[in-house]
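Student: Input: one structure, supplied below.
What follows is calculated from the coordinates using simple rules that are stated; it is not laboratory data. In this text the structure is predicted, and so the values were computed from the model without any measurement. A quick note on method: Cβ atoms are made from the backbone with ideal geometry, for glycine too, and the neighbour counts reach across all protein chains shown.
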Amino acid sequence: MTVQQFAKEIRRNTLRCLHSQGSGHVGGSLSIVDALAVLYSRYMHVDPHDPRMADRDKLVLSKGHSGPALYATLAIKGFFPAEWLDTLNKLGTRLPSHVNLNLTPGVDMTAGSLGQGLSCACGLALANRLNGIDRNVYVITGDGELQEGQNWEGAMFAAQKKLDSLIVLVDSNKLQIDGATADVMNVEDICAKFAAFGFDAQRVDGHDYEALDGAIHRAKIAKNGKPQCIVMDTVKGKGVSFYEAMGAGVHSTSVTDEQYEAALNELK
Amino acid sequence: MELRKEYVNELARLMRENDKIVILDADLAGAGGTKPLYKEFPDRCIDVGIAEANMICIAAGLAASGFVPFVHSFVPFVARRALDQIAVSVCYSEQNVRIVGFDPGVHTTSNGGTHMSFEDIATMRAFCNIAVVDIVDGVQLRKALPYITAHKGPMYIRFVRKQTDELFDDSYEFGFGKADKLRDGKDLTLIASGTMLFDAVKAADRLESEGYSVDLLGIATVKPLDEEAVLASARKTRRVLTAENHSIHGGLYGAVTETLSAKLPTLCDAVAVRDKITQVGSLNDLKRDYGLTADDIYARAKQLLTNNG
């Protein structure tokens, strides 16, 4: 399966998951799909049959509400049966819309209350260093999420402790619940901010597989004592025309039978 | 010996045995007394700077990788400032983080007001899965630490850094979730946690000198509460007085009355802070002002003992 096909499959399964409850965090799930496709096809050293393997790469989905996109990815990789995708947010499910490390094989950290993931990832990276494990810890944050001040506490810590195994991917889809991020509370210049905090920072098209691949590769091999940041310019709702056109409303929206069918037609 | 010295000595011993123990501070390693550990275990001691929320989540990440992190600060900066981080990254995530709060309640003295917290036990106790321990003295702290390290699940521990008074001697054995039975009596049940146990002993002496017999329980583990011990004592005395260095809302009194009201309705009263704003002052003045002295325990005990209603 090519990375393009993998990404399309993730999008289809993300919508399957969201359709099972009729609505959910569509926009921010679809915007990170291409990053997940590149990570899980080319970079993540993980074993679906041993999800807690000590010597693995880890991913902290700090924007925990995008769980459906990660669940779709993990299901395709074989971490759990695809049927689980139809149980999103049903009582007793293994797939709550915000990720939980105790419930879902392949989820490395709980998230949902925004702003905590980068700090938790610092703990994971530090633990790897103490355990002599040479693996990466990836974090996916939202751009709006960077309004939470704790991110910058985490960033300071990562630089101070020279956590160069830490790679922060910022999903810069430029929208948050109340509108455009630039209007609600501008977080730019994200690259300059992370650079000022001691990171190596790059900015790429978050839907260009080769650009993403190059950026992740550079971050992975840098090993220069600096934590790494990749700001990904993305489109909220990416891959489905009517979701892309919704603007801020796509953050949490419906996935009716008709919308699901129309979306699958676009994702053939 | 100061409690912080007892603490650091025993923690150092445990860290030598167990390379999974890590400690985190938020710029209070000197004040809290953990500084000597940084020399002996430079890799496993982490000062995050003045960033308590960050500290809690870093600890959660370490715990998720199999470490046993002890995080430290003054009570309000862990148990109040980092509340959501404790709720989500520690309790909801079921991580083995030990959260240590220094100088609970009135013991903040001249740092009081902003640094004083009477609500930590109530908030911690309300979270799912987390155990809550209110330490009375250095012996108890030292004896409890091996258990605290081995415990599965999150735990909150509060103690007074510079305290040197001791209640227990070396023969003391810490039992997690077990009340310490200090006196056997039939007229009144007196239940005290943390440093209020010192005052409870004095009050019990005075009551006994007047011919009353007091059933005195020390409670280190406020959650899970030793319900059996509370019920057995209340069944005998039918009068229960609690004493805690905490708000009357949701602490020891809350735990005891939640148990009794459901299983054995009993006449109860509390020596606790009654919705009064925090402030600075000397320890003795603060204890008097908040009604947390042995005299206050004695007075409320007498009221209960003479209440035939």
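Student: Quick one: work out Rg over Rh on the C-alpha atoms of region B:3-159, Rh as Kirkwood radius.
Tutor: 0.92
Student: Let me ask something additional. What is chain B's relative contact order, in percent, from Cα pairs under 8 angstrom and six or more apart in sequence?
Tutor: Relative contact order here is 17 percent.
Student: Let me ask another. Between A:A196 and A:M53, what length in nm is gained on full extension when 0.36 nm per residue of separation is reduced by their alpha carbon distance?
Tutor: 48.0 nm
Student: Checking the cross-link filter: which aspartates and glutamates have an alpha carbon closer than 16 Å to that of A:K226, excluding same-chain neighbours under 8 positions apart?
Tutor: List returned: A:D134, A:E153, A:D164, A:D200.
Student: To check my understanding: the extent here is largest minus smallest coordinate of the Cα atoms along each principal axis. What are those three numbers for region B:1-42, in Å, largest first?
Tutor: Principal-axis extents of the Cα atoms in region B:1-42, largest first: 25, 23, 13 Å.
Student: Further, regarding this structure: For B:M1, B:M116, what's the fewest-to-most ordering of other Cβ within 10 Å of each Cβ?
Tutor: B:M1, B:M116
Student: Taking a cut-off of 25 Å, what percent of all Cα-Cα pairs in region B:180-305 are separated by more than that?
Tutor: Here the long-distance tail beyond 25 Å is 16 percent of all Cα pairs in region B:180-305.
Student: Quick check on chain A: what does the Kirkwood estimate of hydrodynamic radius come out to from the alpha carbon pairs, in Å?
Tutor: This gives a value of 18.2 Å.
Student: Something else: How big is chain B in terms of Cα radius of gyration and Dmax, in angstroms?
Tutor: For chain B, the Cα radius of gyration and maximum Cα-Cα distance read 18.9, 62 Å.
Student: Related question: Which lysines, on any chain, are close to B:K178 with Cα under 16 Å apart, when same-chain ones fewer than 8 places away are left out?
Tutor: Filter leaves B:K143, B:K223.
Student: Also, quick follow-up: Let me understand the protein assembly as shown better: what is its radius of gyration from the alpha carbons, and its Dmax, in angstrom?
Tutor: Using the Cα atoms of the protein assembly as shown, the pair Rg, Dmax is 26.9, 88 Å.
Student: Taking the alpha carbon gyration tensor of region A:190-268, what are the square roots of 5 times its eigenvalues, largest first, to the nearest whole Å?
Tutor: On the way: eigenvalues 230, 43, 15 Å².
Taking √(5λ) for each eigenvalue gives 34, 15, 9 Å, largest first.
Student: Just the number: Rg to Rh for region A:44-112, Cα atoms, Kirkwood Rh, two decimals.
Tutor: Across region A:44-112, the Cα-based Rg/Rh ratio is 0.93.
Student: What lysines sit close enough to A:K90 to cross-link, taking a C-alpha to C-alpha distance under 29 Å and skipping anything fewer than 8 places away on the same chain?
Tutor: In chain and number order, the partners are A:K8, A:K58, A:K63, A:K77, A:K236, A:K238, A:K268, B:K152.
Student: Sort A:T14, B:T306, B:T237, B:T108 so the one with the fewest other Cβ atoms within 10 Å of its own Cβ comes first.
Tutor: Neighbour counts put them in this order, fewest first: B:T306, B:T237, B:T108, A:T14.
Student: Only counting other Cβ atoms within 10 Å, I'd like A:D47, B:D120, A:D57 sorted with the fewest neighbours first.
Tutor: Ordered by Cβ neighbours within 10 Å, fewest first: A:D47, A:D57, B:D120.
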